[in-house]
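Below: one structure, written as structure tokens.
The values are calculated or read from the model by the stated rules, or taken from the named source; none is laboratory data. Treat the numbers as computed from the prediction; the structure is a model and nothing was measured. We place every Cβ from the backbone using ideal geometry, glycine too, and count neighbours over all the protein chains shown. These area figures cover heavy atoms from the full protein model, side chains too; ligands, DNA and RNA do not enter into them. Shrake-Rupley method; radii C 1.70, N 1.55, O 1.52, S 1.80 Å.
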Amino acid sequence: MKKTELKYSDAVKRLNEIVEEIEGQEVDIDTLADKLKEAKKILKQCKDKLYEVDKSIQKVLSDDDKKETE
């Protein structure tokens, strides 16, 4: 089972927090690596969600086009 995923808006918020944490202070290399790994996972989740939404929207639009031509 997948690890609990954040809502898209929460994921974006967390990414912004990570950026602020990295930019706002000197970060040791281990912490930086951990933050970058977390950010990479969140970015993949966001990308996957956007892909799913786009696919869903395209299906709806395609179905609407089919109905209009009938």
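Confirm whether Lys59 is at pLDDT 90 or above and open to solvent by 100 Å² or more (accessible area, probe 1.4 Å). Give the derivation first.
Details: at pLDDT 90 or above: yes; open to solvent by 100 Å² or more (accessible area, probe 1.4 Å): yes.
Against the criterion (at pLDDT 90 or above and open to solvent by 100 Å² or more (accessible area, probe 1.4 Å)), Lys59 qualifies.
Looking only at segment 16-52, which residues are touching a helix residue (DSSP H, G or I) at 6+ places or on another chain (Cβ under 9 Å), closer than 15 Å to Leu6 by Cα and not small (Gly, Ala, Ser)?
Correct list: Ile18, Glu38, Ile42, Leu43, Gln45, Cys46, Lys49, Leu50.
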